[in-house]
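First up is the structure itself, then whatever we jot down about it.
The values are calculated or read from the model by the stated rules, or taken from the named source; none is laboratory data. Keep in mind it's a predicted model, so treat the numbers as computed, not measured. Because the Cβ atoms are built from the backbone with ideal geometry, glycine has one as well, and the counts that use them run over all protein chains shown.
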Amino acid sequence: MKNRVVGPSIFSEMSRLASACGAINLAQGFPNLPIDYRLLSNLKEVLDENHHQYAPYQGSMHLREAIIQFVDRTQNTQLSIDEVLITAGATQGIFTAIQALVNSGEEVVLLDPCYDCYEYPIMLVGAKPIHLSLNNDFLPDWNLIFDVVSDKTALIIINSPHNPSGIMWREEDYQRLSDLLDKNPQLKVLSDEVYEFLFYEKPHLSVRNRSEIKNRAVVVSSFGKSLQATGWKMGYLTAPESLMRPILAVHQYLVFSVNSVMQEGIARYLPNFNPEEVRISYLQKRNLLRKALEKSKFSLLPCEGTYFQSLDFKRVSDQGDEEFCRWLTQEIGVAAIPYSVFYESKEDHQKIRLCFAKDNQTIMDATERLCKI
């Protein structure tokens, strides 16, 4: 890892290029939408009160209690106060969990295409990331996974709804995961569920609802995604106490505690937060984008969850996907993310990812440009 050069991510690069070109930025996954006025009111109240010192390092009791009630209400899952940790965004939660649960010389299974923040904390701890490709439908190749997992495998990282594809795991996938855990008693699961409320034709299945998995699993959630406030960098993870103890040991020396004002504001808001409203809003935006692109030369891939729509551009260009995304930004005025960056092998399937967490006018302006190609 010491000799590996780590430069700016493709997300930062494409956002910078979009800004330089005056392009519509559908690359980086952040909403340009207003947050709920009730949440803003809660924050304004908190600013006038005495919530400006360190919160407890595991998170304020008020917010953790609110999360317990929220998870019970939305996922019918019971948690204890000691099974919840407030993090400075989901990325910090992922980093902390990997550092706590993986040792030097062990292996961690990653399912490509996957988000780039998974790999580096694995290498920083001296472990080996094992990249396995998902099937063409972006669901797990369980035969391959069973063949590769061994007594050296400490962790498997899963992600549903899936970034970048928007595909969601099926019931049978969780059953195979359960079988994998039965066969490998040392194996643990890190489940990235930051898009847990953005599902469309079928419901999201959480690891928290799987009794045979959750006692060996860490589940990561994001207030930034759920509350449309990515810049706040607020998230949380849940884990059984046996896994939470080593995670807390890393967390206290990494960030110690998280923004106390935001914690209290979110705690007051959660009882009134209805994620179904957010889900319906994004469903409408997904449908708006897909309908507008039907007359384009792009091929639309399925989008079952997240706020990302994937496109195949084989009928548009024979360029590689990174080259195509730079051309699209500079010449057409729409920034996207190439799929190859989500693969360790950088394999290029001529697919790109668009973010539709935007106001309707931005979506229509972007699709109008794309349809002119």
Qualifying residue in the range 306-317 (condition: in contact (Cβ under 8 Å) with a residue 60 or more places away in the chain and touching a Gly at 6+ places or on another chain (Cβ under 6 Å)): yes
Residue in the range 22-33 that is without any contact (Cβ under 8 Å) to a residue 12 or more places away in the chain and surrounded by fewer than 19 Cβ atoms within 10 Å (Cβ to Cβ) present: no
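Residues are listed down the side, and each one gets a yes or a no for (1) farther than 30 Å from Val341 by Cβ; (2) hydroxyl-bearing (Ser, Thr, Tyr):
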position: Asn50; (1), (2): yes, no
position: Tyr57; (1), (2): yes, yes
position: Arg64; (1), (2): yes, no
position: Thr77; (1), (2): yes, yes
position: Gly89; (1), (2): no, no
position: Gln92; (1), (2): no, no
position: Val108; (1), (2): no, no
position: Ile122; (1), (2): no, no
position: Gly126; (1), (2): no, no
Pairs where the first residue, in the range 276-297, is among the basic types (Lys, Arg) and the second is assigned to a helix (DSSP H, G or I), C-beta under 9 Å, 6+ apart: Lys285/Asn360; Lys285/Ile363; Lys291/Thr367; Lys295/Cys371; Lys297/Leu370; Lys297/Cys371
Residue within the range 92-113 that is in a helix (DSSP H, G or I), of a type in the set (D, E, K, R), over 22 Å from the mean Cα position of the chain (by Cα) and at pLDDT 95 or above present: no
Matching option when the condition is at positive phi and not aromatic (Phe, Trp, Tyr), among Gln350, Gln330: Gln350
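Conditions (1) touching a Leu at 6+ places or on another chain (Cβ under 7 Å); (2) over 25 Å from Ala357 (Cβ atoms); (3) among the hydrophobic types (A, V, I, L, M, F, W, C), marked per residue:
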site: Thr87; (1), (2), (3): yes, no, no
site: Asn103; (1), (2), (3): no, yes, no
site: Asp112; (1), (2), (3): yes, no, no
site: Cys117; (1), (2), (3): no, no, yes
site: Ile122; (1), (2), (3): no, yes, yes
site: Phe146; (1), (2), (3): yes, yes, yes
site: Pro161; (1), (2), (3): yes, no, no
site: Pro164; (1), (2), (3): no, no, no
site: Leu177; (1), (2), (3): no, yes, yes
Residue match in the range 154-169 (condition: surrounded by 15 or more Cβ atoms within 10 Å (Cβ to Cβ), more than 22 Å from the chain's Cα centre (by Cα) and not assigned by TED's automatic domain parsing to the domain that holds Leu311): no
Filter pass, Ala66 being touching a Ser or Thr at 6+ places or on another chain (Cβ under 7 Å) and either of a type outside the set (D, E, K, R) or at pLDDT 95 or above (or both): no
Matching residues, the range 118-165, being without any contact (Cβ under 8 Å) to a residue 12 or more places away in the chain and of a type in the set (S, T, N, Q): Asn135, Asn136, Asn143
Failed item in (1) in contact with a strand residue (DSSP E or B) (Cβ under 9 Å, 6 or more places away or on another chain); (2) without any contact (Cβ under 8 Å) to a residue 12 or more places away in the chain; (3) of a type outside the set (S, T, N, Q), with Pro338 passing the rest: (2)
Filter result for the condition that a residue is part of a helix (DSSP H, G or I) and at negative phi, over Lys314, Lys297, Lys285: Lys285
Some residue of the range 56-68 being part of a loop (DSSP other than H, G, I, E, B), surrounded by 18 or more Cβ atoms within 10 Å (Cβ to Cβ) and of a type in the set (S, T, N, Q): yes
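Let's see how each residue does on (1) among the aliphatic types (A, V, I, L, M); (2) in contact with a strand residue (DSSP E or B) (Cβ under 9 Å, 6 or more places away or on another chain); (3) surrounded by 22 or more Cβ atoms within 10 Å (Cβ to Cβ):
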{"site": "Ala88", "(1), (2), (3)": "yes, yes, no"}
{"site": "Ile94", "(1), (2), (3)": "yes, yes, yes"}
{"site": "Val108", "(1), (2), (3)": "yes, yes, yes"}
{"site": "Asp116", "(1), (2), (3)": "no, no, no"}
{"site": "Ile122", "(1), (2), (3)": "yes, yes, yes"}
{"site": "Gly126", "(1), (2), (3)": "no, no, no"}
Residue in the range 5-25 that is of a type in the set (S, T, N, Q), at pLDDT below 90 and farther than 21 Å from Gln92 by Cα present: yes
Residues (in a helix (DSSP H, G or I), in contact with a helix residue (DSSP H, G or I) (Cβ under 8 Å, 6 or more places away or on another chain) and either assigned by TED's automatic domain parsing to the domain that holds Arg353 or over 13 Å from Ile157 (Cα atoms) (or both)) located in the range 121-139: Leu124
